[in-house]
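For reference, the structure is listed below as structure tokens.
The values are calculated or read from the model by the stated rules, or taken from the named source; none is laboratory data. Everything quoted here is computed from the prediction, not taken from an experiment. Virtual Cβ from ideal backbone geometry, glycine too; neighbours counted across all protein chains shown. Just the protein is used for accessible areas: all its heavy atoms, side chains included, with ligands, DNA and RNA removed. Shrake-Rupley method; radii C 1.70, N 1.55, O 1.52, S 1.80 Å.
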Amino acid sequence: MSMQQPISEEEQYRKAEVTAAGMLSRRPLSAAMLEKKLLDKDFLPEAAAYAVERMRILHAIDDHAYAELLLRSYSRKGYGILRIRQEMRQRGVPNDIIAEILEDFEPDWDMMKALLDRKLRGDVSDRKTREKAMAALQRRGFTFSQIRTVMEDYCADIADQETR
């Protein structure tokens, strides 16, 4: 029975770097997520931190660019600022980058109206149905003021169509 020799610290650092590069070749990650994944694979904390820093030096990791990618992806899917912020936090994007990226974020009002239209089908007479539609927008991460604004616009559009 042969016993496996423990790997040297230098070998651990090299393996962590190679593993990090492999992970990033499959999909983008934040620095925090990359470090967590390396630690989950039982790399020494120093080796994981070294590998993350090497990836940063090699421009293989960029939390700002990653946050922009998440913003485009989730806004295209019709999510609001609250949900996008939550997704960024869960993926380890630093708070200062989140704040900077979301500073000028505007929701897709047309997409919000389309979601309301799918839920209400032009009938705004039932309060319970309106509340359910608004709750659906809230679950997608829109703020109360955004939901109120789009609901007022939607109701005004319906009233305009009925008067024609």
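Just subtract the alpha-carbon distance of GLN161 and GLU11 from 0.36 nm times their residue separation and send over the number in nm, one decimal.
On the way: separation 150, 0.36 × 150 = 54.00 nm, distance 7.07 nm.
46.9 nm is the gain from fully extending GLN161 to GLU11.
To the nearest 0.05, what FRET efficiency results for TRP109 and HIS64 with a Förster distance of 22 Å applied to their C-beta separation? Show your work: numbers first, answer last.
Details: r = 27 Å, r/R0 = 1.20.
For R0 = 22 Å, the calculated efficiency reads 0.25.
Using 19 Å as the cut-off for backbone N distance, which residues of segment 144-160 belong to the label zone defined by a point 7 Å from the Cα of ASP123 along Cα→Cβ? Residues passing the 19 Å test: 154-160.
Can you give the relative contact order of the chain as a percent, counting alpha carbon pairs under 8 Å and 6+ residues apart?
Working: 141 pairs, mean separation 33.0, N = 164.
Relative contact order, the chain: 20 percent.
What's the FRET efficiency of PHE144 with LYS36 using the Cβ-Cβ distance as r and R₀ = 41 Å, to the nearest 0.05?
Details: r = 33 Å, r/R0 = 0.81.
Rounded to the nearest 0.05, the efficiency is 0.80.
So what is the accessible area of the chain per residue, in Å², with the probe set to 1.4 Å? If you can, show how the numbers build up before the last one.
On the way: 10750 Å² over 164 residues.
In whole numbers, the chain has 66 Å² accessible per residue.
Round to a whole number: what % of the accessible area of the chain belongs to carbon and sulfur, probe 1.4 Å? Whole-percent figure for carbon plus sulfur exposure: 48. Using the Cβ atoms and a cut-off under 10 Å, what net charge is assigned to the surroundings of ASP62, where Lys and Arg are +1 and Asp and Glu are -1? It works out to a net charge of -1. Please list, or write none, the lysines whose alpha carbon is within less than 19 Å of the alpha carbon of LYS41, excluding same-chain residues fewer than 8 places away. Straight-line reach from LYS41, under 19 Å: LYS15.
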